[in-house]
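Here, each number is a calculation from the coordinates, and none is a lab measurement. These numbers come from a predicted model, not from an experiment. Every residue, glycine as well, gets a Cβ built from its backbone with ideal geometry; the counts of neighbours run over all protein chains shown.
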Amino acid sequence: MFFHSAFLEHRTGRHIECPERLSVVIERLGASDAPDCVEIVRPEPACEEDVELVHDRAHVERVRRLAESGGGMSDPDTVVSEGSYEAAILAAGASIQAAESVLEGRFENAFALVRPPGHHATRSATKGFCIFNNAAIAAARTLADSRAQRVAILDFDIHHGNGTQETFYEDPRVFFVSFHLYPFFPGTGREDETGAGAGEGLTVNVPLGRATPPGEYLRLWREVLDGRVRPFGPDVVLVSAGFDTYENDPFGALNFRLEDFEELGASIRELADATCGGKVASFLEGGYDLDALADCVLSYLEGLGCP
């Protein structure tokens, strides 16, 4: 698990996306009954050239200057504090290193316990608590280095991963899947958004209603992974792991229980085992129930194969 204490210095005040989201997971990993297979790795920051594979230089500079000036709101939902630029650069670095670590065989799978989250950030703007798009940056770096030729990005956050979709909408090297509540923030993710140009058919959106039972979600999820992603043959599976589908989450509307996250992890492991030698790197997105987030993460990791 890639974690750095600087992620806690992304100070958001009385905001639902708060440092305690990571603290509760780290504390849980220190408990006597926590799995001993989880190794904490201290990441290095990404270089700006890595971030600019996805974001334009003006966006990167705006965030840096806002942090240096003491911080403020970078959009109606997203806080930038003095420590936010360093945290965001480190989150991008942790995500790249998580992806590289599984491609290099250092770990069977890796989890980047990062904040700020990333999947709403677009090329030129922050959005929905997200500053830099961690999953997209990790994918872009592995493709640029030719460590991978084909990448699958799976997003099970309750919100559509609009920034990730926008980044790779016409890219034939990336298969993007998002399961999300709809209609809901950010308003994108219709079923007919399927990619364009060389990327046509390589975006799969599954918009779901509030009454969708977890069992139906998981049935559809496996159907997409087996029927669409497996034939694509990714060299690595990257996951935007959002735990705000949990039944008691402040955003939760899809009634997931802990065992449902374990099932998600197991299905992803099976896909990766069948296509890319089990290579999975996951990045924390949403999940705001501080009483349950750590257990949600550990259930997901159990599904991936961490006993």
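Structure data summary
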read-out: Neighbours by Cβ (under 8 Å, 6+ apart or cross-chain): first from the stretch 195-211, more than 15 Å from residue 221 (Cβ to Cβ); second part of a loop (DSSP other than H, G, I, E, B) and hydrophobic (A, V, I, L, M, F, W, C); value: 195/202; 210/253; 210/254
read-out: Any hit, the stretch 85-92, residues being out of contact with any Leu (no Cβ under 8 Å at 6 or more places or on another chain) and not in a helix (DSSP H, G or I); value: no
read-out: Residues satisfying the stated conditions in the stretch 41-59, i.e. closer than 16 Å to residue 145 by Cα and either part of a loop (DSSP other than H, G, I, E, B) or of a type in the set (Lys, Arg) (or both); value: 46, 47, 52, 53, 54
read-out: Index of the failed condition, residue 220 passing every other in (1) outside any helix (DSSP H, G or I); (2) surrounded by fewer than 24 Cβ atoms within 10 Å (Cβ to Cβ); (3) of a type in the set (A, V, I, L, M, F, W, C); (4) in contact with a Leu (Cβ under 9 Å, 6 or more places away or on another chain); value: (1)
read-out: Some residue of the stretch 267-286 being more than 24 Å from residue 108 (Cα to Cα), β-branched (Val, Ile, Thr) and either free of Cβ contacts under 8 Å to residues at least 40 places away in the same chain or surrounded by 23 or more Cβ atoms within 10 Å (Cβ to Cβ) (or both); value: no
read-out: Output for the stretch 230-245, where each listed residue is over 25 Å from residue 132 (Cβ atoms) and either assigned to a helix (DSSP H, G or I) or touching a strand residue (DSSP E or B) at 6+ places or on another chain (Cβ under 6 Å) (or both); value: 230, 231, 232
